[in-house]
Number of protein chains: 2
Amino acid sequence: MDNGILGTTAVAQIGIIVNNIERSAKKFADFFGMEVPEITITDTYDKTLAQYKGEPTKARSKLAFLHMSNNIDIELIEPDDEPSTWREFLDAHGEGIHHIAFVIKDMQGKVNKLAEIGMPLVQKGEYTGGRYAYIDSIADLKVMIELLEND
Amino acid sequence: MDNGILGTTAVAQIGIIVNNIERSAKKFADFFGMEVPEITITDTYDKTLAQYKGEPTKARSKLAFLHMSNNIDIELIEPDDEPSTWREFLDAHGEGIHHIAFVIKDMQGKVNKLAEIGMPLVQKGEYTGGRYAYIDSIADLKVMIELLEND
């Protein structure tokens, strides 16, 4: 099975949940000698069609990306108060690493195969040019994974 | 300041603490379509000269490395019961991501500079061909960092 069920072993992102993205973006930028990254906010529900635990959710989050030198982004995420895997993580664990992400093809096929091996979908949504899915891989991999499919 | 205080922005390792490294190494290898990695154990104190919170420690851990395609290793770590940052993490948080690692030069200089900006040394030790240091960067970066210096 080439590169396993995901078809890739390239870690695309390390996703970190934070309480205050403006403060954290500046701390990270200073630490790594980078420009302070732009802070964006995920789209509204009419565009994301986001689902968390099988239910539609209006949850949004602020995002900032720090581009590391080996094709990895550190993604900072500040959730709002609506139901989401981001908010759940912050409430349960506090700030910290929430997921590692992989860019994949055939999102629905991958999500189905992962569910079959005991790694269910937690949250999914659309963004401009693609879609994401968070997978509960914690029992086997000790961390959540995110799938990213770009058109 | 080129690439910040570390002099690099390349993430070399994602370190994950596990309870049972034999089981986790197989789970990761199956998931990513790899050979099950060799499991090694860190050296004894006479070689590591390890210090945890300023005191010598006999702590050892079992290690396994999964080589991801973008020059990142996922490092699995099963601690023993002696005092260490690995054991402290497992007892406090359970299994999960413990650190991200960077390969640096001038270990002592880096450790000193990090302490000056409020990121103290937690644990350090020698391994064949180099040395490591774990830094408490959690307040600013939400995750511990590890420095690796290879001779």
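Listed values, structure above:
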read-out: Among the candidates A:73, A:91, A:43, residue that is free of Cβ contacts under 8 Å to residues at least 60 places away in the same chain and acidic (Asp, Glu); value: A:91
read-out: Every residue from region A:114-123 that is within 16 Å of the chain's Cα centre (by Cα) and buried (at least 21 other Cβ atoms within 10 Å of the Cβ); value: A:119, A:122, A:123
read-out: Residues located in region A:9-31, provided they are at the interface with another protein chain (Cβ under 7 Å from one of its Cβ atoms) and more than 16 Å from residue B:137 (Cβ to Cβ); value: A:9, A:10, A:11
read-out: Residue within region A:78-91 that is part of a strand (DSSP E or B), more than 11 Å from the chain's Cα centre (by Cα) and either farther than 17 Å from residue A:21 by Cα or more than 10 Å from chain B (Cβ to nearest Cβ) (or both) present; value: yes
read-out: Condition met for residue B:63 (in contact (Cβ under 8 Å) with a residue 12 or more places away in the chain, in contact with a Ser or Thr (Cβ under 6 Å, 6 or more places away or on another chain) and part of a strand (DSSP E or B)); value: yes
read-out: Which listed residue, of A:104, A:135, A:74, A:97, is at pLDDT 95 or above and over 13 Å from the mean Cα position of the chain (by Cα); value: A:104
read-out: Residue match in region B:32-54 (condition: part of a helix (DSSP H, G or I), surrounded by fewer than 19 Cβ atoms within 10 Å (Cβ to Cβ), of a type in the set (Lys, Arg) and within 11 Å of chain A (Cβ to nearest Cβ)); value: no
read-out: Answer residue from region B:63-77, given it is more than 11 Å from every other protein chain (Cβ to nearest Cβ) and touching a Pro at 6+ places or on another chain (Cβ under 8 Å) and is surrounded by the fewest Cβ atoms within 10 Å (Cβ to Cβ) among those; value: B:65
read-out: Where residue A:70 falls short, out of the listed (1) part of a loop (DSSP other than H, G, I, E, B); (2) more than 23 Å from residue B:13 (Cβ to Cβ); value: (2)
read-out: Where a residue in region B:108-129 is closer than 19 Å to residue B:150 by Cα and its partner, wherever it lies, is assigned to a helix (DSSP H, G or I), with Cβ under 6 Å and at least six apart; value: B:121/B:111; B:123/B:85; B:125/B:48; B:126/B:48
read-out: Near pairs, Cβ below 8 angstrom, 6+ apart or cross-chain, from region A:26-39 (on the phi > 0 side of the Ramachandran plot) to any residue that is of a type in the set (D, E, K, R); value: A:33/B:2
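The values are calculated or read from the model by the stated rules, or taken from the named source; none is laboratory data. In this text the structure is predicted, and so the values were computed from the model without any measurement. Neighbour counts are summed over all protein chains in view; Cβ atoms, including those assigned to glycine, are modelled from backbone coordinates with ideal geometry.
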